[in-house]
Each structure stands twice: as C-alpha cells, then as structure tokens.
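Student: Quick one: this structure, given as structure tokens, is what I'll be asking you about.
Any read-out appearing in this document is the output of simple, stated calculations on the displayed coordinates, not a laboratory observation. Predicted model, so just to flag it, every value in this text is computed and none were measured.
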Amino acid sequence: MTTLMIQGTTSDAGKTTVVAALCRWLARQGVSVAPFKPQNMALNSAVTVDGGEIGRSTALQALACGLEPHSDMNPVLLKPQSDCGAQVILRGQVHGNMDALDYHAYKAEAMKAVMEAWRSLSERYDVIIAEGAGSPAEINLRANDIANMGFAEAADCLPSRFDCGFRRQHRYFGLQRRWGSQRDCACCAPHQ
C-alpha cells in the first residue's frame with residue numbers, strides 16, 4: 001500500500017481538485033485508490049455509506065474514485081459553531097463540542113482516530129491519496145499536528161507540496177519554517 005500526501009502553501013491552493021484528479025486518473029488506470037483527509041474544517045458534510053458524515057470535498061474525491069464515501073476517508077471533521085468553537089466529528093460520529101483550546105489539547109487523541117482510519121483504508125486499497133489542510137507552514141498549528149506533516153510523519157508517507165503559482169516569498173517563508181525531519185525532506189526543497 002502506498003500513501004501520497006498533497007499539501008499546499010495555503011488554504012484554497014487547489015489541493016482538493018488535485019486529489020480528486022489523481023484519484024480519478026488512478027481509478028481509470030484500474031488502481032484500487034481511496035482519498036483521505038485526516039482533518040477537515042467544513043460546515044457542510046455528506047452522509048457516508050456507513051451512516052456517518054464527512055466533508056463534502058472528501059465525498060467528491062470518493063466519487064472520483066468510483067467509491068461510496070466512507071467515514072474512514074475523513075476521520076476528523078470540525079464543523080464550526082462560532083469563532084472559537086466547533087462540533088467534533090470522529091470517524092463519522094458526533095464526539096461533542098469543543099472550543100479551540102480544548103480541541104488543541106485533544107488532538108493527540110484525535111490522532112489515534114486518524115491513524116486507525118488510515119490503517120483501515122490501507123487494508124482495503126492499494127493507494128491512498130491524502131490531502132493536507134491549510135498549509136504545513138502554519139507554525140501556530142504545528143504542535144500535535146494531525147492534518148499535515150504530523151500525519152505524513154506518523155504514516156511514513158510521501159508528501160508532495162502543491163503551490164500552484166504562489167509567489168516565491170510564500171515558498172521561502174514556508175521553507176524557513178520547516179521543523180526537524182521536514183527541513184531536509186525532498187518535497188520541501190526549493191524549486192529550481
């Protein structure tokens with residue numbers, strides 16, 4: 001089983017579209033492929049075949065694979081309820097409401113759900129195309145990260161940065177903010 005992770009320099013960089021396109025292309029090549037988004041923040045959700053809910057973007061990616069959406073494809077869904085709080089959905093089921101500080105403290109537990117869901121998909125599909133959230137360069141979110149490099153490192157998957165025409169300054173800033181093993185990672189090397 002292979003996992004490729006698509007990460008972007010910002011939110012709205014085009015990660016969702018790239019993941020959907022890769023899923024569709026691989027599925028048309030006869031590859032057993034599934035999408036995966038460790039953590040998503042979205043108010044709108046889709047119902048899954050197992051009776052749960054996931055972000056609509058991940059459901060679209062599942063359809064691109066020719067699959068019914070499953071809660072393992074988006075194990076952590078945060079549905080905003082205020083400027084500083086959200087309803088937390090774990091593996092398709094409501095876990096409860098948390099403010100930002102409580103959720104930040106809870107992320108180590110949420111990571112367990114992420115890894116269980118990823119392992120479950122890994123047993124069923126040959127290729128997993130994972131989508132990061134926002135940017136891995138957001139230093140305020142690095143501690144206990146489950147959406148970007150935290151997941152990539154835990155899953156030992158190959159991350160691929162997608163920066164679709166963003167200015168060189170964005171890439172430079174992001175590269176200067178890499179941590180530990182990421183600093184020398186091939187995906188984080190400056191473009192020539």
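Student: Which value results when the Cα radius of gyration for segment 86-153 is divided by 2.2 N^0.38 Å?
Tutor: 1.17
Student: Compute the separation of the alpha-carbon centres of segment 76-130 and segment 1-61 and state it in Å as a whole number.
Tutor: Rounded to whole Å, the Cα centres lie 15 Å apart.
Student: A further question on this structure: If the cut-off is 16 Å between C-alpha atoms, which lysines fall inside it for residue 112, apart from same-chain ones fewer than 8 positions away?
Tutor: Answer for residue 112, where 16 Å is the Cα cut-off: 37, listed by chain and number.
Student: Once you treat every alpha carbon in segment 1-140 as an equal point and sum by Debye, what is log10 I(q)/I(0) at q = 0.11 Å⁻¹?
Tutor: The calculated log intensity ratios at q = 0.11 Å⁻¹ are -0.37.
Student: Just to check I understand the Karplus step: with θ = phi - 60° and J = 6.51 cos²θ - 1.76 cosθ + 1.60, what whole-Hz values come out for segment 105-112, glycine and proline as x?
Tutor: Calculated HN-Hα couplings, in order: 5, 8, 4, 4, 6, 4, 4, 4 Hz.
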